[in-house]
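Asks: First the structure, which I've put down as structure tokens, then a few questions once you've had a look.
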């Protein structure tokens, strides 16, 4: 976290690793408190100011979840069955059986004439 006391929308978005538009939506929805302040003394133009404590509280209270609902993660491992077996053997030899158990074939390939593989 930065040592700032207050953030603009752009600064808060960068601090939270979100887009400016999403931070504005959070403010509109009341999920992230902000205060409208004039940009200069006696100005009719104002901008949102977000307290650092509110940014920190939002990050701690909000659970980030992936968009996938089928249990898969975002990492895809492309390999032939032989390559997959070699990786599995290497992981198990390095005592990383939990990682080896997570790797599975989503779309099995079958060998074709000429040594190339195609989806089954």
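Asks: Check every one of the strands (runs of 3 or more DSSP E) wholly within region 25-120 and list those with 1 or more residues that are modelled with pLDDT of 90 or more, within 18 Å of residue 13 (Cβ to Cβ) and over 20 Å from the mean Cα position of the chain (by Cα). I'd like the intermediate steps shown before the answer.
Replies: On the way: elements: 35-38, 46-51, 109-111, 117-119.
Filter on region 25-120 gives 35-38, 46-51.
Asks: For region 25-40, name all the residues that are within 19 Å of residue 62 (Cβ to Cβ) and either surrounded by fewer than 12 Cβ atoms within 10 Å (Cβ to Cβ) or out of contact with any helix residue (DSSP H, G or I) (no Cβ under 6 Å at 6 or more places or on another chain) (or both).
Replies: Residues of region 25-40 within 19 Å of residue 62 (Cβ to Cβ): 25-34.
The answer is 25, 26, 27, 28, 29, 30, 31.
Asks: Let me ask something additional. How many residues are surrounded by fewer than 16 Cβ atoms within 10 Å (Cβ to Cβ) and within 15 Å of residue 64 (Cα to Cα) if we restrict to region 1-17? Before you say what the answer is, go through the steps one by one.
Replies: At the first step, the residues of region 1-17 found to be surrounded by fewer than 16 Cβ atoms within 10 Å (Cβ to Cβ) are 1-5, 10, 14, 17.
Right, trim to within 15 Å of residue 64 (Cα to Cα) and you get 17.
Residues in region 1-17 being surrounded by fewer than 16 Cβ atoms within 10 Å (Cβ to Cβ) and within 15 Å of residue 64 (Cα to Cα): 1 in total.
The values are calculated or read from the model by the stated rules, or taken from the named source; none is laboratory data. The shown structure was predicted, so the numbers you read here are calculated from the model rather than taken from an experiment. Here Cβ is always computed from backbone atoms with ideal geometry, including for glycine, and neighbour counts include all displayed protein chains.
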